[in-house]
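Have a look at the structure below before the remarks.
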Amino acid sequence: MKKLRIKQHTRTDFLTYLGVIILFVVMNILKSNGTLSRSLTGQLVPICCYMSMAVSLNLTVGILGELSLGHAGFMSVGAFSGIVAAMSLQNIIPAVPLRLAVAMIIGAAAAAIAGAIVGTPVLRLRGDYLAIVTLAFGEIIKDLVNCLLVGYDSKGLHMAFNLTGSKTIDDLGMKEGGIAIIKGAQGATGTTTIATFTAGFILVMVTLFVVLNLKHSRAGRAIMALRDNAIAAESVGINITKYKMMAFVTSAALAGAAGALYGLNFSSLQATKFNFNTSILILVFVVLGGLGNLWGSLIAAAALTVLPELLRAFSDYRMLVYAIVLILVMLTTNNPTLKTFFSRFKLHKPTGKEAV
Amino acid sequence: MFPKLVPMPSPNLLTERDADKTPILECINLGINFGGLAAVENFNMAIGRTEITGLIGPNGAGKTTVFNLLTKVYQPTKGTILLDGNDTHNMTTAQVNRAGIARTFQNIRLFNDLTVEENVTVAMNAHMHYNMWSGIFRLPGFWKEERVAHERALELLSIFNMADLADTKAGSLPYGAQRRLEIVRALATNPSLLLLDEPAAGMNPSETAELMENIRKIRDTFQIAILLIEHDMNLVMNICEGIAVLNFGRIIAKGTPEDIQSNPAVIEAYLGKQKEA
Amino acid sequence: MEFLSYLISGISLGSVYAIIALGYTMVYGIAKMLNFAHGDVIMVGGYISFCAISYLGLPGWLALILAMAVCTVLGIVIEGLAYKPLRSAPSLAVLITAIGVSYFLQNTALLIWKAAPKVYPSLIPTTNAQGESNALQLFNGQLSISYISLLTMASCIVIMIALTLFTSKTKMGKAMRACSEDKGAAQLMGINVNATISTTFAIGSALAAIAGVLLCSSYPTLQPTTGSMPGIKAFTAAVFGGIGSIPGAFLGGLLLGIIEAMAKAYISTNLANTIVFAVLIVVLLVKPAGLLGKYVPEKV
C-alpha cells in the first residue's frame, strides 16, 4: 500500500472544518442583512474566542486526560499581553489586521511561557492534585494582573508592580502623551478595539488545525497513550514529561491567542473576568461537547454562550435555568438506559474516557 | 528508519546467532526491599542474546518484581543490571526501553482508546524523528515516516494474524487478542530483550500451543532474547532453553528444563516438604 | 504582641477553613468527588441562620441548630437527586453536575435574598449591651481575643475530635472508612453503601452550616457568593493537608488561615491569596499527596 487510507477521523476532521466555514458564511450573511440582533452580533467575537478556548482545553482535558481548572489564567495572560502589544505597536504597525495578528502571536507566546512555567513543576502531580494546582494558578494570575501597572510613551514600555495598593498609574513617570494600558484593579481601559469576526474565524480554524493535526501525529499518539495508560506508555519508551508538557504548553498558547483576541474586543477589561468561573465555564463546554471530541466542544461553546442571551426573556431566572439545564444534561447523558438508546444512532462508538 | 523484518530463519542463520557468546542481560546481586522486607534478594542471572529463558516460581515469589526491577518501574536497592554490557543504573523506564528492554504486563495494559494499529505505531515513537511542527503542518517528514510506521505495524501485526484488526479499538478486542497485541506492541519498540509476563494466562490449550509457536518464531525472526514468566509448565518446559526458579525472592534453582524437573528444592517449593517416612 | 494577635486571627480564620475542609475531605474520601457545591451550602447555612435571627428573632444557638437541620436535609437531597444517579459516571460528569448545583444554589439565593449584602448579626457581637468589648483581654489588654474567635477555635477542635472518634469507634464511621477504601467490598460485607454516602453528605453539610454561622459572625457580610471563596480555600486546605484525611484537613485549614493572615499583615493585602496558593503549590511539589496524605503508587 502506497497511500494511507482515508480514515474515519479524516472524514470527521473535514466535516468539522466545513461546519466552521459554513457557520462563518451564514453568520456573515445574517449580519450584513441585519437579521442578527445587536446583542448577538456583539457576541460573535467572544463566541469565536470561547470556541477556540474550548478546543484548546480539550487538548489538555480530553486528549491529555488531565483536569485543568485554570485555563482562564492562560487566556488572561494572552489577553493582557496582547493588549499591551497592540497598544504599544500602534505607531510601529499601522495596519490593523497585521497588528492584531502580531498581538495574538505575542499573546500566544506569553501564555506558552506561562504554561511552561506552570507545567514544569505541576505536571508531576496527578488527577485532583493537578486540578487544584491549576485552579491555584488561575487565581494567582488574576491577583498578579490586578497589581500590574503598564503604560507606554515615547520612551517605550513602563511597568510597575503595585504590591501595597498605594501606587497609581502616575507613578510610572511617563512623559506627556503617554498612554496608560493596564491600571491595576481597574484593568485595561481605553483599549482600541481591533478584534473582528473574521479574525475570530481564522483563530478557530487555526486552533482546530493545530489540535487536530497534533492529535493525529506521533506526538498526539504518545499523548493519548499516556492518558490511557501511563505505565504502559513509559514501557514503550515514551517520555511522559516531554509529551505532557507539549500538550499543556500548546493548549496554553492557543488559549493565549484566544485571550488576545478577546481582550482586543473590549475597550475595558478587568482581570477578574478571567476568574475560576470562566475556567469552569470552558470546562463545561468541553465536558458537554465530549472529551476529545473537538466539534462537540465547538457546538457546546457556541450554544452555551448564546443560551444565556436567548434566555433573556427569563431575565432574573436565566442563570437558574442555565444551572438546571446543566444538571439535567449531565444526568440524562450519563443515564445508562438513555446512553444505550442514543448509541444506536451514533456513527461510531463514543470514546468516553474517564479523565480523572 | 527501522531495520526491516528479518526473514524466517534458515539453518545457516542459527550458527550466526550463536556467534556472540556475551550475554545480553546480566543481573548481579540484584535486590529490592519494601519497607524492610526483601522482595527480591541476590538475584543473579545472565541471558544469552537469542536465548528463551523461563522465570518460574509459586505465587508471590517475586517474579513480576524482577520484571519491574529490570524495567525500572522500581529502582533496585541493591545490585547491578547490565544490558548489553551497559549499566542501566539511573535510567528511567522509558530510557531502559529505548536501550532495548520491552515488556508485556500480567494485567493487560493496552491503550484502550487507541486503535490496534496506533497501539503498535505509538511504540515506534522513539524510532521516529519528525518533530511537532512537521506533524502539525504535515511536512514531508511526517508523511514519509508515518507511511513506514504504518507498513511496519501491519507487518508486525501479521505475525499474530491481526493485520485485519488494525482499525479496531484495542479496548474492544477479545482477551486473547489483547494479550497478543501487547506482545506486538513490545516488539515494535525494537527490543533486544523481550520480557513476557504470563503470556499464556487465560488461554486455552490450543491457543497456548499457537502462542508457543509464535514465541519461537519471534525469537528466530528477530534474533532477540526472551525472558518469560509463566505458570503453564508445559509451555515453559517446551520452549525455554534455561529456567530459573524463584521462591521467597531468591533463586532456588537454575538450569535446563530437565535439571529443574528433577530438582528436589523445586519440587519442595511447589508441593511442600514431604513428610519423613 | 502584634504578631500574636495576627496569629490568633489567622488561627480563627483557619478554624473556619478547617471546619469546611473537614466536610470536603469526608465527602471526597467516600464519594471521590470534588463537591464544588459545598461552599454554597455554607452560604445557605448563613442565610438560614440570618433569617432565623433577624426575622424570627430566635436566639443564636437555635438559629445554628435550624441552619444545621436545613443544610443536612439540603445535603441529602442534593446527593440523592444530583450525585447518586451519577455514581458510575465518569468523575468529570459528576464535577460538572456539582458545578451546576453550585450555580443553582447561588442563583436561588439571589432570587430569594437579592444581591445586596446583608449585615449578619454576629452570634457574639464585638461589644455587649453595656458597650464593653466582648473579648478576652490578656497581657493588660495588649492582646485581645474576641469571644467569637475563641468560640470558632473551640468548635473546630471539638468537631475534629468528634469526627476522629466517630470514624474510628462507631459502626457508621467504620462503614464510611470501608466505603472509601472499596465500595464493592464494603457492599459484599453487608454495608449499605448508599446510606453511608448519604450520611457522609449529611454530616458534611451540617458542618458547612456551622462554618457558615461562624464565618458570617466573624465577617458579617452575607451575599449569594459568600461561600465561593471560602469553599475554594477549604478545598485548597483539604488538599494541602492530604485530601481524605481528617487530621490533614484540620492541619491544612489552620495553616492556610495562618498563612493568609500573616501574608495580609506583613506582605500585601492584594497578594494574600497568591501567597496562600503559592505555598500550596510548593507543598504539593515536595509532598505530592499533601502534608498527611498517603501516596499510593499504582501496582504494576
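Report whether or not A:K215 is basic (K, R) and farther than 30 Å from A:V61 by Cβ.
No.
Restricting to the range A:86-121, name every residue that is within 11 Å of another protein chain (Cβ to nearest Cβ) and either more than 28 Å from C:L280 (Cβ to Cβ) or buried (at least 23 other Cβ atoms within 10 Å of the Cβ) (or both).
A:V118 - this is the single residue of the range A:86-121 that is within 11 Å of another protein chain (Cβ to nearest Cβ) and either more than 28 Å from C:L280 (Cβ to Cβ) or buried (at least 23 other Cβ atoms within 10 Å of the Cβ) (or both).
Give the range A:215-239 a look and list any residue that's at the interface with chain B (Cβ under 7 Å from one of its Cβ atoms), in a helix (DSSP H, G or I) and without any contact (Cβ under 8 Å) to a residue 24 or more places away in the chain, or say none.
Of everything in the range A:215-239, those that are at the interface with chain B (Cβ under 7 Å from one of its Cβ atoms), in a helix (DSSP H, G or I) and without any contact (Cβ under 8 Å) to a residue 24 or more places away in the chain turn out to be A:R218, A:R221, A:A222, A:A225, A:I231, A:A232, A:E234, A:S235.
Filter the range B:213-262 for residues that are within 17 Å of B:A186 (Cβ to Cβ) and among the hydroxyl-bearing types (S, T, Y) and give the result.
B:T221, the sole residue that qualifies.
Among the residues in the range B:64-71, are any within 12 Å of chain C (Cβ to nearest Cβ) and either acidic (D, E) or without any contact (Cβ under 8 Å) to a residue 24 or more places away in the chain (or both)?
yes
In the range A:132-161, which residues are small (G, A, S) and out of contact with any Gly (no Cβ under 9 Å at 6 or more places or on another chain)?
A:G156
Quick test of your reading of the structure: C:R87 fulfils all but one of (1) under 16 Å from C:Y28 (Cβ atoms); (2) surrounded by fewer than 21 Cβ atoms within 10 Å (Cβ to Cβ); (3) in contact (Cβ under 8 Å) with a residue 40 or more places away in the chain. Name the failing condition by number.
(3)
Tell me the residue from C:L22, C:L58, C:L66 that is assigned to a loop (DSSP other than H, G, I, E, B), away from chain A (no Cβ under 14 Å), of a type in the set (A, V, I, L, M, F, W, C) and closer than 24 Å to C:A154 by Cβ, please.
Residue meeting the stated conditions: C:L58.
For residues that are crowded, with 20+ Cβ neighbours inside 10 Å and part of a helix (DSSP H, G or I), scanning just the range C:265-280, find the one that is farthest from the other protein chains (Cβ to nearest Cβ).
C:V276
List pairs: first in the range B:187-205 and over 17 Å from B:I52 (Cα atoms), second of a type in the set (S, T, N, Q) and surrounded by fewer than 19 Cβ atoms within 10 Å (Cβ to Cβ), Cβ under 9 Å, 6+ apart or cross-chain?
Matching pairs, first to second residue: B:A201/B:Q106; B:P205/B:N234.
If A:A180 satisfies every condition in (1) farther than 30 Å from A:V26 by Cα; (2) assigned to a loop (DSSP other than H, G, I, E, B); (3) of a type outside the set (D, E) but one, which is the exception?
(2)
Exactly one condition in (1) within 13 Å of chain C (Cβ to nearest Cβ); (2) assigned to a helix (DSSP H, G or I) is not met by A:G292; state its number.
Single failed check for A:G292: (2).
Taking A:A222, is it farther than 16 Å from B:A94 by Cα and surrounded by 24 or more Cβ atoms within 10 Å (Cβ to Cβ)?
So A:A222 does not fit the description; no.
How about the range A:1-107: which helices (runs of 4 or more DSSP H) wholly inside it have at least 2 residues that are among the hydroxyl-bearing types (S, T, Y) and more than 30 Å from B:A153 (Cβ to Cβ)?
Per the criteria, A:38-58, A:71-88.
I'm trying to understand the selection: among the residues of the range C:63-77, which are buried (at least 22 other Cβ atoms within 10 Å of the Cβ) and touching a Phe, Trp or Tyr at 6+ places or on another chain (Cβ under 7 Å)?
Passing the criteria: only C:G75.
Would you pick out the residues in the range A:1-39 that are aliphatic (A, V, I, L, M) and at pLDDT below 85?
A:M1, A:L4, A:I6, A:L36
Anything in the range A:145-171 that is assigned to a strand (DSSP E or B), over 19 Å from A:A114 (Cβ atoms) and within 14 Å of another protein chain (Cβ to nearest Cβ)? List them, or say none.
A:L149, A:A160
Based on this model, can you work out whether B:E258 counts as more than 17 Å from the chain's Cα centre (by Cα), in a helix (DSSP H, G or I) and at negative phi?
Judged against the criteria, B:E258 is a match.
For the range C:112-128, name all the residues that are part of a helix (DSSP H, G or I) and either surrounded by 14 or more Cβ atoms within 10 Å (Cβ to Cβ) or of a type in the set (S, T, Y) (or both).
Across the range C:112-128, the qualifying residue is only C:W113.
What's the total number of residues in the range A:326-340 that are modelled with pLDDT of 85 or more and within 8 Å of chain C (Cβ to nearest Cβ)?
4
Scan B:L246, B:L227 and give me the residue that is touching a residue at least 60 places away in the same chain (Cβ under 8 Å), within 22 Å of B:R49 (Cβ to Cβ) and touching a strand residue (DSSP E or B) at 6+ places or on another chain (Cβ under 9 Å).
B:L227
Could you list, in sequence order, all residues of the range C:10-51 that are over 26 Å from C:I243 (Cβ atoms) and surrounded by 21 or more Cβ atoms within 10 Å (Cβ to Cβ)?
Listed by number, the residues that qualify are C:Y47, C:I48, C:S49, C:F50.
Check off (1) surrounded by 14 or more Cβ atoms within 10 Å (Cβ to Cβ); (2) within 22 Å of the chain's Cα centre (by Cα); (3) polar (S, T, N, Q); (4) more than 8 Å from chain C (Cβ to nearest Cβ) for A:T193 and give me the number that stays unchecked.
(1)
Answer yes or no as to whether C:Y83 is within 14 Å of chain A (Cβ to nearest Cβ), farther than 29 Å from C:D182 by Cβ and either at pLDDT 90 or above or not in a helix (DSSP H, G or I) (or both).
Here the answer is no, as C:Y83 does not meet what is asked.
Please give the helices (runs of 4 or more DSSP H) falling wholly within the range C:132-189 in which 1 or more residues are over 22 Å from the mean Cα position of the chain (by Cα) and of a type in the set (S, T, N, Q).
Here the list reads C:183-188.
So in the range B:129-182, with the set limited to residues that are of a type in the set (S, T, Y) and either out of contact with any strand residue (DSSP E or B) (no Cβ under 7 Å at 6 or more places or on another chain) or facing chain A (nearest Cβ under 8 Å) (or both), which one is farthest from B:I218 (Cα to Cα)?
Out of the qualifying residues, it is B:S134.
The values are calculated or read from the model by the stated rules, or taken from the named source; none is laboratory data. Predicted model, so just to flag it, every value in this text is computed and none were measured. Glycine also receives a Cβ, built like all others from the backbone with ideal geometry; neighbour counts cover every protein chain displayed.
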